[in-house]
Every structure is written in structure tokens, then in C-alpha cells.
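Only the coordinates and a few stated rules stand behind these numbers; no lab work does. Only a predicted model underlies this, so the values are computations on that prediction, with no experimental measurement involved. Positions of Cβ are backbone-derived with ideal geometry, glycine not excepted, and every protein chain shown enters the neighbour counts.
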Amino acid sequence: MNPGLYKKLTRVVKVFRISSSSFPFVPAVKNKSMENFYFIGIDVSKKKLDYCLLFRGEVLKEDITTNHPAAIRDYLSSLYKEFGLSSEEVIICAEHTGQYTYPLVCACDCDKCKLWLENPTQIKYCSGMQREKNDKVDAKRIAIYASRYMDKVKVYQRPTQELERLNQLNSELDMLVADKAKYQGQLTDQKDFMSAQLYKAKRKRLTVLIEGLKEAIDAIERDMEGIIADCELLSHQMKLLKNVEGVGPKVALKMIIETDAFTSFENYRKFCCHAGVAPFRYTSGSSQRSRNKVSKKADKSIKALLHMAAMSVIRKKDSELKDYYIRKVEEGKNKMTVINAIRAKLVARMFAVIKNDQNYTLNHPNSLA
């Protein structure tokens, strides 16, 4: 190789090594407390869990167990004994995959382990380019993510028993309501596209299914009302929320479940992001210029309920938000943009009544006046 070219390449490598200290994934100065932590990445599936134990960037052990609380507890205790660990120096990180994480939550709650349940999309976008995917590799990536972003760790706080039951019942309720709507659509949409005799027999069968679903839905709703009535905190929050204009029992219940009784979100702005109500700007250089719009990465179920609440408000005869809607539309604002603003206002008012622990009043006295 040309000696001059070799010297240039050597200088380039040295410059890269110096500048790489500012790269976000490789901190220039490592925190000593972070170096002493062991990270367990867990890939959760329906029947099994894949483990990866990571310490200072080195994989110490990889293993598999069944997805059962007893099996998880036995494996973690054996792992702690093997490496002489305590729960204080171990961080367990896993993707929040809904009901499949329930055994892991139960096991970590019993042993007082530090469990970090992270959004799967967050881990995916922070893991770089992926050329291979399997459960073993995913467990390692989760452990690496936890070690790199340890400063963002959020130890999972298990909700109360009442909230867990409400969440499970609400998931079952959504499934039954969707099935009922599907069968009801069959009755109304297919009447003119088959013979009268065939439609009569089909209608008889579907009517039986719909009636059974109605009974199941009513039973679940009664159970949920009983849980709320027996819990002083939840019943008090329901009363406060239903006092807000446009907020009914379904919206209030969904808000309590989604926010874990208003403990999992610091303020209403973060919940607006979660519900897909907060608008964001999309620009890049001088070529891309788009108007502010909401993100598709959102919880569509709560967004749909907030939309129905906003629509009910603007249809009322005497409503302050209806006057706001008419005024903004007359100013030339897009109708859906104004409706989205009303959704955000409803969220802000619901958070306000819970934070202030008082009923909503339209003309609240200003303490600074």
C-alpha cells in the first residue's frame, strides 16, 4: 500500500475513534453504578420465555423456561444463586405484550424483582438494523437495550387487584361487543342476497347467538359496576369524571383503566400522545412541509371513545364547547382539527378534576384575580 495513503487512513481512523465518543449508543463516560448492574432480557411468548443474562456487554447465560409463575420464580432463584446475585443489582427487561406478561409480573412481584416492561416498538427502533429474528436473538437485544438505556428505566408498578380485574373484564367485553356487531351486521346486510328460506334459518341461528352475547355483555357490565362500587377510590373518580360535560360511564371507565386510576401518566399532554390526540409537525429541510397532524401510533380504542364524547358535546343545545366549535369553524378552521382540539380539552378537564379532587365547574374562580 502507498505509505502516504496509509497515513491518511490512519488519521481518519483516529479521528473516528475520538468522535465516536459522542455517539448516543456508546457513552463517553460510563456510570460506575451502571457497570455493576446485571441485565436480564426476556422475550415473552405464549408458552415459553427466552432469557439472556448480560453483564458489562458480555452474555453470561441464555436459557428457556415455560411461561408459568412457578417456573419463572424457580429459574430466577437458581440464576441468582449461580452468579451470587441479589434482586437489588438485577434489572429484568421484557416487552409489554399484554396478557402473556401476566405470569412474569406475578413472579417478579412475589420476589420483589425490578421489572421493566417496555414498549416493543421502542425496543425495535432503538436496536438498529436487524438481519435476523428469533426468540433467542430478541432476548439478547432486549438485554442490550436495557443496558444502553438504563437511565430511562421505569420499574413496573403492578396495578391494584380491582384495576387488574377491570382490565381483564374490559378486554373480554370489547371482544363480545365486536362479535355482537359482526353478527348483527350479518342480519341486516345479507337479507337481499339469499333466498328467503335460507335467510330465515340463518336469522334464527344468529338471533340465538346475539341474545347469548347480550346476556354475557350485561353480566360483565354488572361485574364491572360492582367492582367500582366496592372500591372507594374508583367510585369517587367515576363520579368526578362523569361530572365533566360529554363524559359518560364508558369514557370514564376507559380512562380509569388506561391510566391505572390516573397514576401512570404525569399529565394530560402525555395521555393525549398515547391516545393519538396530540398533533405533531412533520418537516425536513426545505422540501418536506406538512401541516400538523396526529400520529397513527396511538391507542385507537380510547381515541374512538373520545371522538364520540366530542361529537356528543357539539350536538348539545347549550354547550360551551359547541360555541367553541362553531366559532373556530367560522374562522376557517378544519372541522376535524377543531374536533381533535375538543378531544384534548376533554382529556385536560378529566385530568384536572382528578388532580384537584373536585367537580368540574365552567367558570372556575381565578385565585390570581
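Figures for the structure shown
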item: Cysteines in the chain lacking a second Cys C-beta under 4.7 Å; result: 52, 93, 106, 110, 126, 231, 272, 273
item: The chain: C-alpha pair distances exceeding 26 Å, %; result: 67 percent
item: Helix-only mean residue ellipticity at 222 nm for the chain, each DSSP H run of n ≥ 4 adding -39500 (n - 2.57), per residue, nearest 500; result: -18500 deg cm²/dmol
item: Cα centroid separation - segment 108-125 against segment 135-182, whole Å; result: 9 Å
item: Filter on 124/250; 303/355; 124/355 - keep pairs with C-alpha separation over 25 Å; result: 124/250; 124/355
item: Nearest-0.05 FRET efficiency for residue 236 and residue 348, computed from C-beta distance (R0 22 Å); result: 0.65
item: Modelled FRET efficiency - R0 41 Å, residue 283 with residue 135, Cβ distances, 0.05 increments; result: 0.55
item: Given charges at Cβ of Lys, Arg, Asp, Glu: segment 167-208 dipole, positive-most of 187, 168, 198; result: 198
item: Contact order normalised by residue count of the chain, Cα under 8 Å, 6+ apart, percent; result: 11 percent
item: Magnitude of the charge dipole, segment 32-152, Cβ model with Lys/Arg +1 and Asp/Glu -1, debye to 20; result: 260 debye
item: Above-threshold pairs, the threshold being 25 Å between Cα atoms, out of 242/297; 270/296; 214/345; 182/293; result: 242/297; 214/345; 182/293
item: Other-chain or far-sequence residues with amide H under 5 Å of residue 156's (modelled H); result: 115, 116, 117
item: Between helix 335-356 and the chain: long-axis angle, C-alpha atoms, 0 to 90°, nearest 10; result: 80 degrees
item: Partners for residue 200 among aspartates and glutamates (Cα-Cα distance below 16 Å; same-chain residues under 8 apart left out); result: 189, 192
item: Spin-label model distance (nm) - residue 267 vs residue 56, 7 Å beyond Cα toward Cβ; result: 4.2 nm
